[in-house]
Every structure is written in structure tokens, then in C-alpha cells.
Amino acid sequence: MGITVESLIKRWDGLGVVMSHHSETDTWIFVALHDETLGRPTGGCRLKSYGSPALALRDAMRLAQGMTWKWAAMGYGYGGGKSVLAVSGPLEGEARRSLFTHFGRLLNGLGGAYSVGEDLGTTRADMSFLATVTPYVAGAADGRQPPDPSPFTAVGVHAGIVACVEHLFGSDSLAGRTVLVEGVGGVGRPLALLLARAGASVITSDVDEDRARLVAGECGGTAVEPQRVKDTECDVYAPCAVGATVNGATIPGLRCRIIAGSANNQLETPEDAERLHERGILYAPDYVVNGGGAMAFGLMEEGITDETELKTGVQRIRSSLGDILREADAADTSPVVAADRIARRVLGRE
Ligand code: NAD
């Protein structure tokens with residue numbers, strides 16, 4: 001027998017699940033609340049088609065659990081939560097607004113038990129609209145437009161790269177260090193510019209090769225073809241495009257000392273963390289390094305709106321990651337294992 005909603009809920013170690021069905025668009029809605037030890041469950045809303053409601057719930061639960069660890073590893077005062085809108089097909093215009101109106105009312109009914117943000121399949125326009133229905137949209141208090149998280153994520157990745165460079169080379173200077181940024185979109189481009197400003201030699205790559213060359217030009221750097229990324233020599237490889245680029249096939253050929261970037265799920269399997277450790281490549285856990293946007297939205301919830309102050313706040317990723325890297329060294333283990341241990345300790349689950 002396949003998985004069922006009942007069996008998933010019975011087995012889950014989270015707080016609970018709120019579910020609803022929007023009949024007009026035939027959409028199942030799941031709000032998965034995993035943990036509130038550190039604060040209000042906060043995480044994005046994914047809009048996607050699934051094979052069944054149970055598969056959508058399973059995704060919501062897995063993502064909510066991931067948020068618990070992400071917030072805890074960053075040492076940040078939020079809990080794990082995530083929502084899924086399991087649509088039956090593409091949704092635009094009035095039907096989409098109707099779904100988000102229903103979802104917003106549901107969040108109002110929860111009275112602040114969960115704060116929502118953008119995720120795969122949802123857009124800033126969706127969040128702006130949702131903010132007209134409910135105050136529980138992260139970064140959109142008082143009807144403000146939720147800002148683009150990407151520049152804040154870039155600041156966080158930059159801070160993470162500095163932490164790694166300092167840890168490995170004993171100096172936090174990026175001058176003379178070579179950083180290869182794979183994917184120069186919303187996060188990768190501002191990251192490349194920050195790195196260049198800090199004195200790094202930037203190499204860019206993108207499936208859109210014109211874009212890679214354009215950004216390389218802006219940074220005074222060079223561009224490489226996408227297929228050359230894995231064997232290009234550099235100090236830091238910053239994956240900022242797609243996941244699973246670090247895997248059993250690519251790890252043996254990598255010519256970098258550090259991997260730190262924004263892409264979600266950079267490792268194809270958990271064993272890849274150990275493979276990198278054995279090869280002496282320092283891996284900054286993606287969910288710590290790419291938390292800058294989420295962190296900025298948390299700070300906005302606390303009433304901070306000044307961009308400089310927000311970016312300063314996001315830079316605490318540098319010290320959180322520094323702690324993780326030192327703990328990993330002390331235990332001769334991968335930073336992924338160390339981040340997990342720290343998160344457990346922070347959550348009192350050791
Ligand atoms: P984006 O779509 O703005 O940019 C992605 C760039 O990567 C594009 O220029 C695209 O052409 C390029 N690209 C796509 N596939 C590629 C490939 N196989 N090889 C090389 N280049 C490729 O996305 P983004 O918002 O910059 O996010 C980048 C990554 O960071 C994603 O994995 C995203 O999930 C993750 N992330 C983003 C944020 C954020 O605040 N935007 C936060 C956390 C994590």
C-alpha cells in the first residue's frame with residue numbers, strides 16, 4: 001500500500017499539520033508545523049502539482065523539518081514550518097487570486113502560528129497579494145511589498161565564503177582568491193559583484209553564456225563554459241544555479257578548495273559530504289550559507305527595514321558558519337555533521 005495522509009501524520013515527529021481543500025481550483029493545502037522551540041514556525045509556500053495529496057503532505061513535512069534545522073544551525077529564533085499548495089494544474093489570474101485569498105484566510109485562522117514566504121512555484125506577486133489578505137507574510141508587515149530576497153542571500157553567501165577562506169587560509173582577505181560562481185542570476189550576479197569588490201578574481205559560468213560573459217565583464221573577471229566548471233581550478237566553487245552538482249561523478253575531478261554557494265541541495269547524496277571531507281575540500285552546508293534571504297525577512301518581522309542594517313544582520317552567517325567549521329575540525333568530521341550536531345544542541349535534542 002502507498003503512503004497515506006494518515007500514516008504520514010502518525011509517523012511524523014513534528015507539531016502537526018493543518019489541511020484544507022480549495023474546491024474552486026481543486027487544490028489541497030497543507031501547512032506543516034514542525035517545531036517551535038526557537039520561535040514561530042516560518043518557511044516558504046511551495047505551489048506544485050503532485051501525484052496525490054499524500055505526496056504533497058510528505059513534501060510539506062520534509063521541507064518543514066528542513067526549516068527547523070536550517071534556523072537552528074544558523075542560531076536564529078524561528079521554528080520549522082512550510083506550506084504546500086498542491087494544485088491540479090497551472091493557475092493564473094482570478095483563480096490564482098482566489099486560491100491565495102483562501103490560503104490567506106486560513107493563515108488568519110491560525111492567528112500567527114505560521115509565517116509564510118516565497119518558495120518554488122510562488123512569486124513575489126503572490127506574496128504581495130497574500131499580504132493584502134493576511135499579516136502573516138514574512139517581510140510584508142503593514143502591507144509593505146515583500147522585497148526580493150536574492151541580494152540578501154548573496155550577502156549571506158559572501159559572508160559564508162569569507163568564513164571558509166578565513167578558516168582554511170588563516171586570513172579573511174579575498175584579495176587574490178579565485179571564486180567560480182556557477183549561475184549568475186538573482187543571487188549569483190550580486191554575489192559576483194561583491195566578491196570582485198572584495199578583491200577576488202571572479203570566474204563566471206551560466207547556461208546563458210551571454211549572461212556569464214556580461215557579468216564577468218562587470219566584475220573584471222572571465223567566463224567559462226558550463227561543462228568546464230567542474231575541472232576549472234579555483235579556491236572557491238560557488239554553486240548558485242541548480243542542485244546536485246556535487247556528486248560521486250564530479251567530486252573526484254573538482255579542482256577547488258572550498259564549496260560555498262546558494263543552490264539548494266548541492267550534494268546529490270548525504271555520502272557526498274564524507275567524500276568531500278576525504279578529498280580535503282571544505283564544504284559549507286548549503287542550508288546555512290544560503291539562509292541570508294530568510295534571515296533578512298526575519299529581521300524585517302522584528303521591525304528592521306533599513307537595508308544596510310538588514311545586510312549587516314545577515315552577515316552573522318559568517319560567525320555561525322565559523323563555529324560549524326571549527327566544530328567539524330575538532331571532531332575531524334564533515335561540516336554537515338557538525339551543523340547537524342549544533343542544531344540538535346540548540347534545539348535541546350542531544
Ligand atoms: P535565478 O533563476 O535568478 O538564477 C539562476 C541562474 O542560473 C540563471 O542565470 C540560469 O541561467 C543559471 N542556470 C540554470 N541552470 C544552470 C546550470 N545547469 N548551469 C549553470 N547555470 C545555470 O535563481 P536564483 O534566485 O539566483 O537562485 C539560485 C539558486 O539559489 C537556486 O538553487 C535557488 O533555489 C537557491 N536559493 C536562492 C535564494 C534566493 O534568495 N533567490 C535563497 C536560497 C536559495
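For segment 134-170, the tally of residues that are at pLDDT 95 or above, more than 16 Å from the ligand (Cβ to nearest atom) and among the hydrophobic types (A, V, I, L, M, F, W, C) stands at 6.
Within segment 242-262, the residues that satisfy the criterion of being at pLDDT 95 or above, within 29 Å of residue 152 (Cβ to Cβ) and not β-branched (Val, Ile, Thr) are 247, 254, 256, 257, 260, 261, 262. Of all residues in segment 126-154, none that is within 13 Å of residue 45 (Cβ to Cβ) and in the same structural domain as residue 194 (by TED's automatic domain parsing) has its Cβ atom under 7 Å from the Cβ atom of a residue that is outside any helix (DSSP H, G or I) and of a type in the set (Ser, Thr, Tyr), 6 or more apart or on another chain. State yes or no: is residue 168 in contact (Cβ under 8 Å) with a residue 60 or more places away in the chain and surrounded by 15 or more Cβ atoms within 10 Å (Cβ to Cβ)? Considered against the rule, which asks whether it is in contact (Cβ under 8 Å) with a residue 60 or more places away in the chain and surrounded by 15 or more Cβ atoms within 10 Å (Cβ to Cβ), residue 168 comes out as yes. Just one residue in the set 303, 293, 248, 253 is within 16 Å of the chain's Cα centre (by Cα), over 23 Å from residue 167 (Cβ atoms) and not assigned by TED's automatic domain parsing to the domain that holds residue 124; that residue is 293. Restricted to helices (runs of 4 or more DSSP H) entirely inside segment 258-350, those with at least 2 residues that are surrounded by fewer than 20 Cβ atoms within 10 Å (Cβ to Cβ) are 271-279, 307-314, 317-330, 335-346. Annotation note: Cβ proximity below 6 Å between a residue of segment 332-348 that is without any contact (Cβ under 8 Å) to a residue 40 or more places away in the chain and a residue that is part of a helix (DSSP H, G or I) (sequence gap 6+ or interchain) occurs for 338/324; 338/327; 338/328. Taken together, the residues in segment 107-131 that are over 20 Å from the mean Cα position of the chain (by Cα), surrounded by fewer than 16 Cβ atoms within 10 Å (Cβ to Cβ) and in a loop (DSSP other than H, G, I, E, B) amount to 2. For segment 240-251, the count of residues that are within 14 Å of the ligand (Cβ to nearest atom) and more than 27 Å from residue 293 (Cα to Cα) is at least one. Per the listing 79, 117, 112, the residue uniquely in contact with a Phe, Trp or Tyr (Cβ under 8 Å, 6 or more places away or on another chain), within 25 Å of residue 323 (Cα to Cα) and not aliphatic (A, V, I, L, M) is 79.
Can you tell me how many residues in segment 198-222 are part of a strand (DSSP E or B) and more than 17 Å from residue 187 (Cα to Cα)?
2
The set of residues in segment 29-59 that are touching a helix residue (DSSP H, G or I) at 6+ places or on another chain (Cβ under 8 Å) and without any contact (Cβ under 8 Å) to a residue 40 or more places away in the chain contains only 50.
The values are calculated or read from the model by the stated rules, or taken from the named source; none is laboratory data. As the structure is a prediction and not an experimental result, all values here were calculated from the model. As a convention, Cβ positions derive from the backbone with ideal geometry for all residues, glycine included, and neighbour counts pool all protein chains shown.
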